[in-house]
Amino acid sequence: MIFGGKPILLCFLAGEAVAVEPAVEIGYRFLRILSCFFPLLYILYILRACLQGMGNPLFPMLSGIAQLIMRCSCALFLTKRIGESAVFYGEISAWIGACAILVYGYCFVRSVRIRKEG
């Protein structure tokens, strides 16, 4: 996304170059910021799938609620301080909040299973 982001974005935009260029710049800035945190997103997906596979839907559901709260909070409150970039960082903060809940949930469920087996 960092190296090939602009050509990919141009596949989704049509129109005059003067009108399209600002949208490409904003989109590319969004991709650059998010691409640094994609490994965190991969961890989130893995933990969510592990917990669901272990038969625990509670922590994945709570992580989804946390993501919603974090995105809305950043959009409502952080935009007043740092502008439109707050929406970009809202996505990252949602991933961080969800990962925190999922890591705790995985450790909790795993420790309960170890106690039952041991």
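Looking only at region 72-99, which residues are over 19 Å from I26 (Cα atoms), under 13 Å from the mean Cα position of the chain (by Cα) and of a type in the set (A, V, I, L, M)?
Within region 72-99, A94, I96, A98 qualify.
Please find, among L47, L102, L40, the residue that is under 25 Å from I8 (Cα atoms) and under 14 Å from the mean Cα position of the chain (by Cα). Walk me through it before giving the result.
Details: L47 fails: under 25 Å from I8 (Cα atoms); L102 fails: under 25 Å from I8 (Cα atoms).
Residue meeting the stated conditions: L40.
If I ask for residues that are of a type in the set (A, V, I, L, M, F, W, C) and either in the same structural domain as V87 (by TED's automatic domain parsing) or over 12 Å from S85 (Cα atoms) (or both), which ones from region 17-30 would you list? Can you show your working first?
First, pick out the residues of region 17-30 that are of a type in the set (A, V, I, L, M, F, W, C): 17-20, 23-24, 26, 30.
Result: A17, V18, A19, V20, A23, V24.
If you check G64 against the conditions, is it closer than 17 Å to S93 by Cβ and of a type in the set (G, A, S)?
Against the criterion (closer than 17 Å to S93 by Cβ and of a type in the set (G, A, S)), G64 qualifies.
Would you confirm, using the coordinates I've provided, whether I43 is in contact with a Cys (Cβ under 7 Å, 6 or more places away or on another chain) and modelled with pLDDT of 90 or more?
Criteria met by I43.
Scan region 52-87 for residues that are under 17 Å from I33 (Cβ atoms) and touching a Cys at 6+ places or on another chain (Cβ under 9 Å) and jot them down.
Correct list: A86, V87.
What do you reckon, is F77 in a helix (DSSP H, G or I) and modelled with pLDDT under 90?
no
The values are calculated or read from the model by the stated rules, or taken from the named source; none is laboratory data. Source: prediction; values computed, not measured. Heads up, the Cβs are rebuilt from the backbone with ideal geometry, glycines too, and the neighbour counts pull from every protein chain shown.
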